[in-house]
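The values are calculated or read from the model by the stated rules, or taken from the named source; none is laboratory data. Note that the coordinates shown come from a computational prediction; the quantities given were computed from them, not determined experimentally. Positions of Cβ are generated from backbone atoms using ideal geometry, with glycine treated the same way; all protein chains shown enter the neighbour counts. When the accessible area is computed, the model is the full protein with side chains, heavy atoms only, and any ligands, DNA or RNA have been set aside. Shrake-Rupley method; radii C 1.70, N 1.55, O 1.52, S 1.80 Å.
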Amino acid sequence: MLSRKFVFLNLFLLLSCASVSIPESEKLPTPTELPGYPYGAFIAVRVKDRFINGEILGVEGNTLYVLTTDDKILSIPKDKVRYYNVIECRHEGYKGTAQAIVMLGLSVLGAVSSIPLNGLLALISGSLWLFTGTIGGLSIVLSSNPDCYPEVEWDKLIRYSRYPQGIPQEIKEKAVNY
Amino acid sequence: MRWVFLTVLIISCANIQRRFYKPSKPELEILNKTTIKVHMKSGEVYVLKSWNVSDNKTLEGYGKFYSVDRKNSSEGNFSIPIDSIAIIEANFVPSPSINPLSMLLIPLAVEIAIGTYCLSNPKACFGSCPTFYVQDGDSMKLKAEGFSSSIAPALEADDIDALVGLKSMNGEIEIEMRNEAWETHVVRYVDLLIVPRNGKSVFFSEDGKFYRVNNHILPKRVECPQEKDKCDLILNMDGKEWFSLADDKDLGSREEIELEFDIEGGKNYALVVGRRQTLLPTFLFYQTLAYMGDNVGELISKLGRSEEAQSKLKNLVDKITSIEIFVRDGKGWKRVGVIHGEGPLAIDYTLLPIGEIKENNLRVKLVMTKGAVRIDYISLVELGEEVEPIRIKPYAVIYQGKESDSALSLLLSENDYLVTLPGDVYKIKYRVPEGDYEFFLKARGYYLEWMRKEWMKEKNMAMFWEIILRPEIALRKLAPVYKRMEGQMEDLFWRSKYAKP
C-alpha cells in the first residue's frame, strides 16, 4: 500500500516544525504493534525550501528514498538535507496510567497504614512506600510509553527503513530525484 | 543509591531496539519465541509470530506475508528457504526488568521484617495499661496512660494524669480509651478532673494535691551526664525529650542532672517535671514475667497476698522508675522528694513542692536510674494556692460506633469493672461547664499482661527470685541482655501496638 499515510503526534510538531502537514488517515504503529509492522518508520526531511514527509524506504550511500504522503517515491541526496526527524511509533494514549495509579494508591495506602502500625518507624517505612510507589508508577508509565522519536544518524537510518536489506530494483526505478 | 541507579536504568531503557540477524539457525535460536520480520532478498517480508528452524535450509512459521510494495498480503503457515532470506529483523519494546508492582514487595518486606523482629523479641512490643487519646487538630493524640503500675488485682490503684493543652468543644470533652496491647484491662472508673485556671497553670503534685502555679522559670544552667548537646530539649514542653542510655554492666546504675535557677528569694517554689519512662522498666517487667513461665498465675496471686513481696517489688520499681530530687543548701545536697514513674507511653507533668527558698539562686539535682527516664521539661514555678478539682463522671460511652449503656453503667458504678480486650476502643464523653480549665484524668483499675508463648521458654525461677530478692545482682546480669535490644526497642515498641483487624 504505497499510498499509506501517517498521523503525526502533537509532540512531533514541537520536535520538528509547525509547517509539517498532518495527514489524517492511517496511523503509525503503537510500540506493541511495532514488531509486526512491515513498513518503515516515518520521516520528515527538511530540504532547502520545504519538508518532505513520508515512509523511509531505504538508504543507499548518500541517497535517502522516501515514499511521500502524496504517494511519490523520492530519492533525496544527503547534501540536500538540512535536518530530519524520525518517528517510529505513536504513543498509546494513557497506557499504563491506570496501573501506575493503582501502584501509587497502594503505596499511599501502605504509607498511611504504616503510621499507626509502625509509630516512629513510619517515617522510614512510609517514605519507602511512597518512594517505591513513585518510582514504580514512573517506570510503568515510561516503559508503557517508550521513546517513539529516536535521534538517528544518517548511516543508521537504514535500520528504520522498509527495506533494510536494500531497496528492490523495481522500487528504485520508480524513484524521482529531488 | 541503589534506587537512583534503578530509576536511571528504567528511564534509560525506554528506547525501542531494532536488531538484525543473519538468516542462520544459531542466530535464529537466540530469537526463540520473538516476533520476527523476515526480509527477503526480493524485497518481500514475512512477519512470523511463531516459527522454528527445522534444519539449516528452511524456516517454517505462522504469520503474514507482504509483497514487495506491501499492497498484497496473506496469512498462514509458511515454509521459507533460508537461502532466499536477506536479513531478519526483531524489534524489542522495553518493559521493566522487574514487575513494578513487585517493587511494592520491598516496603512490604520491611514491614514484615519489623513485625518478625518484634515477634522474636516480644519484650520490645507494645504494652503497659490503657491508653487515653484526645482530639488534637486533625488527629487523635496520646495524652495519658492509666494505672501503669497496677499489674495485678492487688495492685489496683488510682492514677491521675494531666491532659495538657486539652480544650472543651461546645461544653463537651471526648476521650478515647484504647486497649492496644496483649493485655486485659480491668477499669473501675475513668473520670475527668477539672480545675479553673484563673489565669494560671495548675499541676498535680506528688503529694496528691492540686496547685495553681506562677512564673515558669527555666534553668540558666543544665548539666546532663550523657547526650550533653541535647540538654536543651528539657527547656520546652514540646514532646522532644532528653534521655540517656542504660549502663552496659548494671541496669541499676544511677546518673544525675544538675540545674541552676536564678530566682527571687523568699518565695515558695516547686519543680515541674514532664517525663515518661524509657522501655527499661517495661523490659524488666516482661523479663520477670518470662522468668515466671507457666507459674505466672500462682506467683502473681502470691504477690497479691504477700505484703513483703509487694514491698520488695515496689522498692525495685521505684528504684528504676523514680527520680529523686535534691536541692543545694548551705550544708550540701538535701533530698526534697521523689517523682514516681508513670509508664513509657505518655509524658506526664508532675509538680514537686520544694518549699521556701531564701536565696536568689537555687541548684537542683535529679538522680535517677541511667537510661530509665525520658525528660521533656523541667522548670521551677512559684507555688500558688492549693485547689480542689471538680470531678466529672462520663455521661455517655460509645463502643463499636454505638452508645453503650452497659459500659457507661460499669464506669459509673464504684463496685463493677469495665473489662477490655486487645483492640477495644471506647469513646468516653463528659459534659464540662463553661470556663477556662486545666484538665486531668483520674482512672482506677488494674491490668493483666498476657503471657507470650515465647516467654514460656525463658522460665527460670532462680532468676525470678533473684530479681525479687537480690535485684542489684539481677540488674547486673540482665544488663547485656537489655543492651542488645535497647537501640531498637523504642521504635519496635510503638509499631507493635495491637490494632483490631
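For segment B:248-261, backbone phi angles converted through the Karplus equation (6.51, -1.76, 1.60; θ = phi - 60°) give residue-by-residue couplings of 7, 10, 8, 6, x, 4, 9, 8, 10, 10, 10, 10, 10, 10 Hz, Gly and Pro being listed as x. Between segment B:27-50 and segment B:303-370, what is the C-alpha centre distance in whole Å? Using only Cα atoms to place each centre, the spacing works out to 86 Å.
Inter-chain neighbour count for A:124-137: the average number of beta-carbon atoms from partner chains within 10 Å of each residue's beta-carbon is 5.
For segment A:144-178, state which GluC sites (Glu not before Pro) are in a DSSP loop and have at most 13 other beta carbons lying within 10 Å of their beta carbon. Numbers along the way, then the final one.
Details: sites: A:E151, A:E153, A:E170, A:E173; in loops: A:E151, A:E153, A:E173.
Sites meeting the loop and neighbour criteria: A:E151, A:E153, A:E173.
Each residue was assigned an accessible area with a 1.4 Å probe, and for B:F20 the value is about 50 Å². Listed values for segment B:77-90 are Karplus-derived 3J(HN,Hα) couplings in whole Hz (6.51 cos²θ - 1.76 cosθ + 1.60, θ = phi - 60°), namely 8, 10, 10, 10, x, 5, 6, 9, 8, 8, 7, 10, 10, 9, and x replaces Gly and Pro. Residues whose amide H falls under 5 Å from that of B:D424, counting only those 5 or more places apart or on a different chain, are B:N179, with hydrogens built in the peptide plane. Across B:H185, B:H216, the residue with the most accessible area heads the list, and the full order at a 1.4 Å probe is B:H216, B:H185. Relative to the longest principal axis of the Cα atoms of chain B, the long axis of helix B:296-305 makes an angle of roughly 10 degrees. The H on the amide N of B:S322, modeled in the peptide plane, is under 5 Å from the matching H of B:G341, each at least 5 residues off or on a different chain.
Taking the C-alpha atoms only, the angle from helix B:471-495 to the longest principal axis of chain B is near 50 degrees. In loop segments of segment B:238-296 as defined by DSSP, the trypsin sites (Lys or Arg not before Pro) with at most 15 further C-beta atoms inside 10 Å of their C-beta are B:K240, B:K249. Taking packing as the residue-averaged number of other Cβ atoms within 10 angstrom, the listed peptides A:53-59, B:326-332, A:63-69 run from highest to lowest as A:53-59, A:63-69, B:326-332. Less than 5 angstrom separates the built amide H of B:T278 from those of B:V373, B:R374, all sequence-distant by 5 or more or on a different chain. Partner lysines whose Cα lies under 29 Å from the Cα of B:K429, excluding those fewer than 8 positions away in the same chain, are identified as B:K141, B:K143, B:K167, B:K200, B:K209, B:K393, B:K402, B:K442, B:K497, B:K500.
So what's the net charge close to B:L351: Lys and Arg +1, Asp and Glu -1, counting the other residues with Cβ under 10 Å from its Cβ? Let's see the in-between values first.
Working: positive: B:K209; negative: B:E206, B:D207.
With Lys, Arg at +1 and Asp, Glu at -1, the net is -1.
A simple rule links phi to the HN-Hα coupling: the Karplus curve 6.51 cos²θ - 1.76 cosθ + 1.60 with θ = phi - 60°, which for segment A:131-137 gives 5, 5, x, 5, 5, x, x Hz, with x for Gly and Pro.
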